[in-house]
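J.: Quick one: this structure, given as structure tokens, is what I'll be asking you about.
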Amino acid sequence: MIAAAEGEDVNPLLPATYDIVWSLVCVAVIGFFFWKYILPKFQQVLADRSDQIEGGIKRAEEAQAEAKAALEQYRAQLADARTEAAAIREDARTQGQQIINEMKVQAQEESDRIVAAGSSQLAAQRQQIVAELRSDLGRTAVDLAEKVIGESLADDVKRAGTIDRFLSELDTVSADSANGK
């Protein structure tokens with residue numbers, strides 16, 4: 001106000017000097033507290049968030065790499081499993097064919113054994129029937145010979161010789177007729 005009394009021009013846009021000084025002091029004090037206490041905490045919060053974001057990105061990249069590795073491992077295992085399944089199927093086919101071949105061989109052997117047993121049984125029965133027929137034919141021949149000759153052929157040695165001679169002649173006649181003579 002003293003300056004106004006002296007007639008100086010007072011600029012209405014310019015505050016008084018003491019207002020400017022005290023405003024600068026207040027700004028300096030607030031700036032000091034802001035710079036000393038608030039700015040470091042703000043920078044700490046920003047650094048923490050930056051670390052969290054970078055760590056999150058790094059963890060995400062690591063997780064993605066692990067997922068990729070797990071996927072590749074899964075694909076490799078799947079390929080191995082498919083290869084193994086194909087090998088197992090091929091082994092099963094081979095074993096199935098071997099079993100079929102073995103069963104065929106066993107069936108053929110069993111068939112051959114049955115045929116051989118049947119043949120030997122037929123041969124044995126044939127021999128038995130031939131022996132029975134020889135004895136029956138021999139008795140019948142002796143009986144007929146006794147009737148024709150009129151004498152008894154009681155002697156066993158004579159009868160056996162006669163029977164054997166008759167049967168050998170009969171076999172000769174049978175063989176000749178079988179050969180077509």
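J.: Provide the gained length on full extension for the span A131 to S111, in nm with one decimal, where the gain is 0.36 nm per separating residue minus the Cα-Cα distance.
T.: 4.2 nm
J.: For helix 39-149, report the angle its Cα long axis makes with the longest principal axis of the Cα atoms of the chain; keep it between 0 and 90° and round to the nearest 10°.
T.: Tilt of helix 39-149: around 0 degrees.
J.: Okay, next question. Which one, L78, L14, L133, has the greatest fluctuation when you compute a Gaussian network model over the chain with C-alpha springs under 10 angstrom?
T.: Of L78, L14, L133, the most mobile in the Gaussian network model is L14.
J.: Provide the FRET efficiency to the nearest 0.05 for the S119-R139 pair, computing r from the beta carbons and using R0 = 25 Å.
T.: Once rounded, the FRET efficiency stands at 0.25.
J.: How large is the Rg to Rh ratio of the range 3-64 when both quantities use alpha carbon positions and Rh follows Kirkwood?
T.: 1.52
J.: Dipole size in debye (nearest 20) for the range 3-79 around its Cα centre, Lys and Arg Cβ +1, Asp and Glu Cβ -1?
T.: 620 debye
J.: Can you divide the C-alpha Rg of the chain by 2.2 N^0.38 Å and report the result to two decimal places?
T.: In units of the globular-protein estimate, the chain measures up at 4.11.
J.: Taking a ≥ b ≥ c as the square roots of the Cα gyration tensor eigenvalues, with a/c under 1.5 meaning rounded and otherwise prolate when a/b beats b/c, else oblate, which class fits the range 59-133?
T.: Numbers: a/c = 18.94, a/b = 11.33, b/c = 1.67.
It comes out prolate by the Cα gyration axes.
J.: GNM on the chain, C-alpha springs below 10 Å: top fluctuator among Y74, Y37, Y18?
T.: The residue with the greatest mean-square fluctuation here is Y18.
J.: Continuing with the same structure: Please give every one of the aspartates and glutamates within straight-line cross-link reach of K58, meaning a C-alpha to C-alpha distance under 20 Å, and leave out same-chain neighbours fewer than 8 residues apart.
T.: Partners within reach: D48, E66.
J.: What is the dipole size for the chain, taken about its Cα centre, with +1 at each Lys and Arg Cβ and -1 at each Asp and Glu Cβ, in debye to the nearest 20?
T.: Working: 20 positive and 30 negative charges, 88 e Å.
Computed about the Cα centre, the dipole is about 420 debye.
Rule-based calculations on the coordinates, nothing more; no lab input. Please read all numbers here as calculations on a predicted model, not as lab measurements. FYI the Cβ positions are ideal-geometry reconstructions off the backbone, even for glycines, and counts take in every protein chain you see.
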